[in-house]
Structure formats: structure tokens, C-alpha cells
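Chemist: Below you'll find the structure I mean.
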Amino acid sequence: MNDLDDFRAALRQPPGEPFAEPDLAKIMADGTRLRRRRRVLTGTAGVAAAAAVVLVVVFAIQLRQPAPAPVARPPAPAPSVSTTGGPPADQAIGDVVGTGIRARAGELVFYARAIDVAQLPDVRFGLVAGIRSENSLQSVLVTNEVRGSDRSFGFHATDGGETIGDQLIPVFGYFAGPAARITTTVHGTTVEAKLAKWTADPNVVFFWFNPDAVPDSAVLTPLIAYDADGKRLTK
């Protein structure tokens, strides 16, 4: 028998231990549990992009699937957060801000709502787009900061520009700092946002755009904030 015959004979030998087939059902179940867990971690909140989180219904979060062998890993923080739907808001922090935009169920409003998520120790509130009628206040879309502090200088939690149910939610967010004017550019035209100071912290300014002028966030150029003297606050 030559070397080639030896090699062929070795190939015909069965392996010492058979390879285990992957348990696909278990892998899919583990993935489902991870997705549910991510929603729980952010569900105490919404594009973002960033990015976002957190309060009432659905969040866009990307995590890797776990390795086949069980390895203990801390949950990753959500890179983006926003939520839709949900039960009526039971408590607003500060005043509820009316927009004058009428919906079938009432007026579109904005207000702050408390957040308590262990993975976000410096984020204590989120911004809610809701519908206020004569007898109720219903949350529709909730968004919040997901990195660092919720009151660090600059823009936070920009979201909206989408239809939820039959209600178009305008692009909105908040700015931490002395903003007296916020603008963007849509197809070469400068568009100004509506502003309202948060009564719980006057250094925080809620803003939103007329949905006729800014139909969605994809048409925005970078937001720009100015102070009362017209000085540009952001690059």
C-alpha cells in the first residue's frame, strides 16, 4: 500500500466523536429572549438615529446574537430610542405644551415624562409627542437621549417626521442651552422651528417643525441653534 492508499484509508475512517448538529430552536429562542430584553431595558422609553429608547412601545436597537456557548455578558446600551403607542400618560413633568396642530382625537402636544433606566443613569426624562383631548392625554411617540446626560449642551432626542396611526408627528426634539431660535434647511430654504421653554427647567427648550415645511427627518440639514442675540450656539 502506498502513501496515497494510506491517505484514502484514513479519510474513510469515521471521526472519533460525531459533530453535534446545532440546536436551531434553542438559538432562535435565545434570540427572541434577547430582543424582548432589549425592549424591556428601553421600555421604561425612540431617529432617532440616534438614536433612539425608552418609554412605551418599540425601540430600534442592534445587538449581536450570543455565541453558541453560554457566556455571561452585560446587556449593551441602546443606540437609539423612541416608542410609539402606549397607555395614557399619567403624569407630565412641567407644563404640557400645545402646538395648535389638530388631530382627529384632539390637539398634538409635547411634554416631558420621567425615565428610570439603570443603563442610562444620567437620563431622567424623555420627550413625549401626545394627543390631548378634553378628557385625556394620550402618548403617541416618546424619545430620549441614550448617551451621556440628558441635559448636556446641545440637541437631544430628535425624532418624528412619520405617521403613526392616522396622525402625522412632526420632527421634534429638545435643546439644552439658551436657544432662542432653531433652524434647518429644506431643499435650500431655511425653516424655523417652533419653540417652548420647559417649565421644569427653562434651560431646556422643546422644538418642533411645521410638518408642511418639514415632512420628515430625511430632508433636514443639520439643526442650528441661536441665542437671543442671534449668536450661533452650534456648529
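No lab work stands behind these numbers, since they all come straight from the coordinates. Keep in mind it's a predicted model, so treat the numbers as computed, not measured. Every residue, glycine as well, gets a Cβ built from its backbone with ideal geometry; the counts of neighbours run over all protein chains shown.
Chemist: Would you mind getting me the FRET efficiency between Ser149 and Arg104? Use the beta-carbon distance for r and R0 = 30 Å, nearest 0.05.
Modeler: Calculated value: 0.20.
Chemist: In whole Hz, with x marking every Gly and Pro, tabulate ³J(HN,Hα) for the stretch 196-202 from phi via Karplus 6.51 cos²θ - 1.76 cosθ + 1.60, θ = phi - 60°.
Modeler: 8, 6, 6, 5, 7, 7, x
Chemist: DSSP loop chymotrypsin sites (Phe, Trp or Tyr not before Pro) in the stretch 165-235 with at most 16 other Cβ atoms within 10 Å of their Cβ, which ones?
Modeler: none
Chemist: In the stretch 106-155, which GluC sites (Glu not before Pro) are in a loop and have at most 11 other Cβ atoms within 10 Å, using DSSP for the loop call?
Modeler: Answer in residue order: Glu134.
Chemist: Going by how many other beta carbons lie within 10 Å of each one, how would you line up Val146, Val140, Val97, fewest first?
Modeler: Ranking Val146, Val140, Val97 by Cβ neighbours within 10 Å, fewest first, gives Val97, Val140, Val146.
Chemist: Still on this model: Evaluate the charge dipole of the stretch 178-235 about its Cα centre and quote only its size in Debye, nearest 20, assuming +1 on the Cβ of each Lys and Arg and -1 on the Cβ of each Asp and Glu.
Modeler: 180 debye
Chemist: Okay, moving on. Could you work out the local net charge near Ile169, counting Lys and Arg as +1, Asp and Glu as -1, over the other residues with Cβ closer than 9 Å to its Cβ?
Modeler: -2
Chemist: Shifting gears a bit: Taking the dipole about the Cα centre of the stretch 154-235, with the C-beta of Lys and Arg at +1 and of Asp and Glu at -1, give me whichever of Gly161, Pro215, Gly188 is farthest to the positive side.
Modeler: It is Gly188, whose Cα lies furthest towards the positive end.
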